[in-house]
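Only one structure is covered here, and it is reproduced in the block below.
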Amino acid sequence: MKRYIFLLLLTCQGIFAQVQFEAKVSKTTLGLNERLRIDFTMNDDGDNFVPPNFEGFKVVAGPSQQISQSWINGRSTFNKTYSYFLMPSQRGVVTIRQASIEIRGQVYKTSPIKINVTAAIDIPKDPNDSQISVDDAIHLVAEVTKGNPYINEPITVVYKLYFSYNIGITNWRELDKPKYNDFWSQNIDIKNLQVEEGTYKGERFRFVVLRKTVLYPQKSGKLTIEPLSLDIDVQVPTNRRNMFGQYLMANDNKRVSAGAKTINVKPLPEAGKPADFSGAVGRFDFRVIPSKTTLKNGESLDLNVSVAGTGNLKLFNLPKPVVPSALEMYDPVHTEKVNTPLSGMTGKVSDSYAIIPQYKGDYPIKAMSFTYFDPSLGRYKTITSAEIMVKVLDGPSVASNEPAANEANSGGAKQAVSSTAHFQFIKLKTKLVPTKKADFFDSALFYTLLFLPFLFIPIIVLLKKKKEAIDADVVGNRTKRSNKLAKIFLTEAKKQINNKEPFYIALEKAMHNFLKAKLHIETSEMSKEKIKEILLTRNANPETVSDFINLTENCEFARYAPASSVTIQNDYDKAVEIISALEKQI
Amino acid sequence: MKKALLLFLLISSCLNAQNGFEQGNALYNKGKYSEAITAYEGVLKTKKHSAELYFNIANSYYKLNKVGPSIYNYEKALLLSPNDKEIQNNLNFAKKAAIDDIKEVPNVGFNKMIQDVTSVYQYNTWAWIAVGFSFVFLLLFLGYYLSGTTLSKRLFFIGMFIALLIIAISISSALFEKSIYERDRPAIVFEDILPVKTEPKADAPDAFLLHEGAKVYILDTLDTWRKIQLTDETQGWVEEKAIKEIK
């Protein structure tokens, strides 16, 4: 019997023993400047509630009592709560001790709770404030595709606003549009905001993509993207419910911003950087297409320089064609057909040049090259177009300077043949001269030749003076003449050296002539005595004088006497000897 | 024996040079311009040249669309024979194929008038004229000195005076021409695109751009840098290797 009573008690106990009394804290770790809410809840009405003494805490508010009772499907639930707001007064691990209550004569106690009090945090969070839940419920995130791009390599920034399922957004405004300093930016417009589902930090969230921007960094180094700040009107559920049991929503205002991002931009490699690189980064195709290459005078041609592909198409200049001065080139018409999806600019940019030839002839348009950097390969690539030859069939020629006037004048039936209008053929004959040729001017030869005539002038003057003096001297002239004659006669004698008679005649004549010349006497005065006298008065050596006389006498004898060739030779030598002796003495 | 050998070598080299010229002509006529250039330049290597040779080289380069060397060789040909119409005509063609169209600022004033007169002859020719007239002077002096009548004496004296004047004029013209020749250092741009700097430094800002075939005048020299002036009187600095002096 006793056992049955015990069992009954046990079951009764089972029914009534479902009394719960527990303490719940809003958080177990809190900052020194935060507040803690502690609720002591029970599911049965009790009395004599004894709160713990909250050692280490200061009671900010409370106790507040809350009782709720409901009947659902004949079952009643009861809930009674004592709430306190506590403020920690010291750091460290603080234990909230047991609270006790007496329910139906039975004393129940809660289990002690350990609270970790940390240093003060920045924003004390009010556990009852709706802001707390909003902070967790809305996140603005900027997603950057690449953290270390090259200069001019496109990166995209996508701003996503995550919000949890239990809040509603009524409106949002951009407070601060981000400025992309050192970036070339292109916004991609989003017409309809579409709510999608995703996860944020492991939790399910809804999100909208607010903004997509394609950025081309223009500078190397660490670049920051400024944050986007939004002011959002939100509806947050409160603890209150309406009469239908739904949560009442409170309107609130929340500012969110996506944190500033830093992007490390790599410079383009210097190694192998071509000189004509103009900053194109991407993948391109380069084309130079003339509308025609053979044209008549007055026609124009269009030269289309285009770059097509993917990359920073709007951010570089197309290479300019270089044309000869005989072709007149006008400023280009620039056309851009560029789309900007999230992957970066794609399309085609082109410059169209109008070129009008001025003269007849063949003119080359130099080959053009376009260099770009391919970031996927990490190196430079150059595309070179072919050289274009432009043929101008007619028109004024280069050499003639007045083409229009000529054509106007020759309007008649005849066509003037212009001789200089053509490119001349090579020359077929030449006379090669040494490359190094000394200058004649300033050379020694030049000065000699220049001053030689002037040197002649005094010589000529002197010569003329001398001639005049000679002409003036009559006696001297005669002497000269006699000397000459004497020599002539002696030479005559020498010629006749083999013929005895003519030799002696000539010899005698020569002696006489000599005397004539020397002593200024006439042939008529030639007697031996006279000769002797005159010679002696002239201080001649008497011996020589007598020799002279002897010789002349000998001449007379010898003419008729037999004489050998030896004596003839002797006589000749003697005559020479005497004449030279006399000449010296007189 | 040695002398004969030397003479033979000299003659054979002469013949070779002449052959090279004719060989070049034949190649040019067949349209083998680059081979023609090698043949012509072989002649230049024998230290001989002529206006016609440079003219033919220039024509070959023109046909190959190499404007810079073409203009360079025409200018060289014009140096040797300044009044050749054909050379001037073809040079005009080459200049039109060049990219730069540089205006020429006309040289006006008294200086220009003098230069017009003196540039009729080269300074060596002026020197020969001076020498010739010094001999004429001698003859006139002889006539003056030896002639009997007063009238002829007077005429010879005046003639002497005129001859002296002509000698003086031609010597000063020669000096003037030579100074101009030495001051005048034309060069041709050989690089496709040549940025002309404001200072003789590689990192100096560009003053302007020149293209192949442009004619410049060298004013100054600093290390490997040359100060150049264009015919429109703009100035700048370029590196020596980008241009080639004609003289």
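Table for the structure above
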| quantity | calculated |
| --- | --- |
| Set B:Lys45/B:Lys215; B:Lys32/B:Lys63; A:Lys436/B:Lys47; B:Lys48/B:Lys96; A:Lys429/B:Lys63; B:Lys32/B:Lys66 screened for pairs whose C-alpha atoms are more than 18 Å apart | B:Lys45/B:Lys215; B:Lys48/B:Lys96; A:Lys429/B:Lys63 |
| Compactness relative to 2.2 N^0.38 Å, alpha carbon Rg of the range B:74-140 | 1.60 |
| Residue-wise HN-Hα coupling along the range A:30-35, computed from phi with Karplus coefficients 6.51, -1.76, 1.60 (Hz; x: Gly, Pro) | 8, x, 5, 9, 9, 10 |
| The protein assembly as shown, dipole about Cα centre (Lys/Arg Cβ +1, Asp/Glu Cβ -1), debye to the nearest 20 | 1180 debye |
| Expected-Rg normalisation [2.2 N^0.38 Å, Cα atoms] applied to the range A:16-126 | 1.17 |
| In order through the range A:114-121: 3J(HN,Hα) via Karplus (6.51 cos²θ - 1.76 cosθ + 1.60), integer Hz, x for Gly, Pro | 9, 10, 9, 9, 9, 5, 4, 9 |
| Angle in degrees between helix B:51-63 and the longest Cα principal axis of chain B, rounded to the nearest 10 | 20 degrees |
| Residue (of B:Phe208, B:Asn73, B:Val196) at the positive-pole extreme of chain B, dipole from beta-carbon charges | B:Asn73 |
| Average partner coverage of B:91-100, which counts Cβ from other chains inside 10 Å | 6 |
| Cα gyration tensor shape of the range A:299-346, rounded if a/c is under 1.5, else prolate or oblate by comparing a/b with b/c | prolate |
| At 1.306 mPa s and 10 °C, Stokes D of the range B:110-183 from Kirkwood alpha-carbon radius, µm² per second | 119 µm²/s |
| Kirkwood Rh and Cα Rg combined as Rg/Rh, the range B:186-245 | 0.90 |
| Contour minus Cα-Cα distance for A:Glu529 and A:Asn297 (0.36 nm per residue) | 71.5 nm |
| Stretch gain in nm, segment A:Ala367-A:Asp394, where the contour uses 0.36 nm per residue and the Cα spacing is subtracted | 7.3 nm |
| Check: chain B dipole with +1 on Lys, Arg Cβ and -1 on Asp, Glu Cβ, in debye | 1100 debye |
| Cα-projected label distance for B:Thr231 with B:Ser152, points at 7 Å along beta-carbon direction, nm | 5.5 nm |
| Per residue, the convex hull volume that the Cα atoms of chain B enclose (Å³) | 201 Å³ |
| On Cα atoms only, tilt of B:33-45 relative to the major axis of chain B in degrees | 50 degrees |
| Share of pairwise Cα separations in the range A:189-233, more than 18 Å, in percent | 55 percent |
| Cross-link pairs A:Lys191/A:Lys222; A:Lys348/B:Lys197; B:Lys76/B:Lys178 - those with Cα-Cα distance over 29 Å | A:Lys191/A:Lys222; A:Lys348/B:Lys197 |
| Isotropically averaged projected area of the range A:175-215, using the convex hull of Cα atoms (one quarter of hull area), nm² | 4.2 nm² |
| Crossing angle, helix B:85-97 versus chain B [Cα axis fit, 0-90 degrees, rounded to tens] | 30 degrees |
| 10 Å binning of all Cα-Cα separations within the range A:280-392, expressed as whole percents from 0 upward | 14, 42, 27, 14, 3, 0 |
| For the range A:241-309, convex hull volume per residue from C-alpha positions, Å³ | 345 Å³ |
| Nearest-20 debye value, the range A:43-198 charge dipole, Cβ charges on Lys, Arg, Asp, Glu | 440 debye |
| Efficiency of FRET from Cβ geometry, A:Val158 and B:Ile193, R₀ 41 Å, rounded to 0.05 | 0.40 |
| For the range A:186-260, the Rg and Dmax computed from alpha carbons only, in angstrom | 18.0, 62 |
| Stokes-Einstein D (µm²/s) once Rh is taken as the Kirkwood radius of the protein assembly as shown over alpha-carbon pairs, at 37 °C in 0.692 mPa s | 78 µm²/s |
| The range A:131-265, Cα convex hull volume normalised per residue, Å³ | 112 Å³ |
| Distribution of pairwise C-alpha distances over the range A:198-325, 10 Å bins, in % | 8, 20, 20, 16, 13, 10, 7, 4, 2, 0 |
| q = 0.22 Å⁻¹, the range A:43-105: log10 I(q)/I(0) [Debye, one scatterer per Cα] | -0.96 |
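Rule-based calculations on the coordinates, nothing more; no lab input. Computed from a predicted structure; not experimentally measured. Backbone-built Cβ (ideal geometry, glycine too); neighbour counts: all protein chains shown.
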